[in-house]
Each structure stands twice: as C-alpha cells, then as structure tokens.
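Right, one structure below, let's go through it.
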Amino acid sequence: MPPWIWLVAALGLAGAEALTGDLFLLMLSGGALAAAGAAFVFDWPIWADGAVFLVISVLLLVLVRPVLRRRMSSSTGLPDPAKALEGKGALVLSQVSRHDGQVKLDGEVWTARPLNDDDVFQPGDQVTVVHIDGATAVVYRAM
C-alpha cells in the first residue's frame, strides 16, 4: 500500500483528535504514521502494514496514553485570579444592597452584593470579599 495513504490517515486522525481531546485518536495517528514509515522503507504486503499499525497503536494506547492523561490532569496550572481576591478588603463606592452596588477592590471597580441579602453598605464603608460570583464580589462588613 502506498505510504501516502497512511500519511493521510495519520493526518486525518490527528485532526479529529483536535476535536475530541481524549488522546485516543492521536495514538491511532501515531500507529498510522508508523505504518507509513514501514510502507516507505519496506516493500511489505498490506497486511504487514496493517500489523505495524495495530501493534504500534496498541502500544501507544497502553503505554503512552495513560501517562499523558495523568500528566495533563494532574497539573495545577495557574492559580485562579478570582480566588486570590477572596479575603481582601474593599471600599464601597456606591450603596451595596441585594441587587446593586460597587466596590473598589485591588484598584479595580467591581459590582458587589452583600453576603446576607438584608445587609446594606454605604459609600465609604470597608468590606471584605467572601468570594467572587462571576463578575460580582460577594462582601460582608469588615471588622
């Protein structure tokens, strides 16, 4: 079988992997690439190229894929910027009540709402950020 057919299969599988992100099709793509190399170097029958594809694909699936998945899932990545704002103090700019309000937090203006729906904070009050809910800082009165 011509090696270019295996190359097309390898590229197609790698492209499909970009849509799934599961690393399964990428391992099959590696097997197709190995079969393309075998077809280019050796003049074997098509079943031998298929056997190279099968063996390499299975080896990649069994040995490489679990290591890659574990490595990708265990990385902590960068810290969530919103988590870094929790516990920081903020200055109330406009009255913070159940449905509206603004605070100055870390040099930026944020929309805010109180932790307890019945609380109301006036401009100039100091509050503490409990957590960030989307683009809204949930605050309570600083002690």
*Under the condition of being exposed (fewer than 10 other Cβ atoms within 10 Å of the Cβ) and not hydroxyl-bearing (Ser, Thr, Tyr), which residue from the range 71-107 is nearest to Ala142 (Cα to Cα)?*
Gly107
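Among the residues of the range 112-123, write down those that are among the acidic types (Asp, Glu) and either under 12 Å from Ala135 (Cα atoms) or open to solvent by 90 Å² or more (accessible area, probe 1.4 Å) (or both).
Asp118 - this is the single residue of the range 112-123 that is among the acidic types (Asp, Glu) and either under 12 Å from Ala135 (Cα atoms) or open to solvent by 90 Å² or more (accessible area, probe 1.4 Å) (or both).
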*Which of the residues belonging to the range 1-32 are under 27 Å from the mean Cα position of the chain (by Cα) and closer than 18 Å to Trp47 by Cα?*
Ala10, Leu28, Ser29, Gly30, Gly31
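Yes or no: the range 92-103 includes at least one residue that is within 30 Å of Ala10 (Cβ to Cβ) and hydroxyl-bearing (Ser, Thr, Tyr). First the steps, then the outcome.
Quick first cut of the range 92-103, residues within 30 Å of Ala10 (Cβ to Cβ) only: none.
No, the range 92-103 contains no residue that is within 30 Å of Ala10 (Cβ to Cβ) and hydroxyl-bearing (Ser, Thr, Tyr).
Kindly indicate which of Ala36, Ala51, Ala18 is of a type in the set (A, V, I, L, M), farther than 30 Å from Asp125 by Cβ, at pLDDT below 90 and assigned to a helix (DSSP H, G or I). Spell out the reasoning first.
Numbers: Ala36 fails: at pLDDT below 90; Ala51 fails: at pLDDT below 90.
Residue meeting the stated conditions: Ala18.
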*asked:* Report every pair of residues separated by at least 6 positions or lying on different chains whose Cβ atoms are under 8 Å apart, first residue within the range 100-111 and under 12 Å from Ile132 (Cα atoms), second acidic (Asp, Glu).
replied: Thr111/Asp100
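Against the definition (surrounded by 11 or more Cβ atoms within 10 Å (Cβ to Cβ) and on the phi < 0 side of the Ramachandran plot), how does Leu11 come out, yes or no?
Values: surrounded by 11 or more Cβ atoms within 10 Å (Cβ to Cβ): yes; on the phi < 0 side of the Ramachandran plot: yes.
Considered against the rule, which asks whether it is surrounded by 11 or more Cβ atoms within 10 Å (Cβ to Cβ) and on the phi < 0 side of the Ramachandran plot, Leu11 comes out as yes.
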*Within the range 124-133, tally of residues that are open to solvent by 70 Å² or more (accessible area, probe 1.4 Å) and under 21 Å from Pro81 (Cα atoms)*: 1
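The values are calculated or read from the model by the stated rules, or taken from the named source; none is laboratory data. Note that the structure is a prediction, hence the values are computed from the model and not measured. Virtual Cβ from ideal backbone geometry, glycine too; neighbours counted across all protein chains shown. All accessible areas refer to the heavy atoms of the entire protein, side chains included, with ligands and DNA or RNA removed. Shrake-Rupley method; radii C 1.70, N 1.55, O 1.52, S 1.80 Å.
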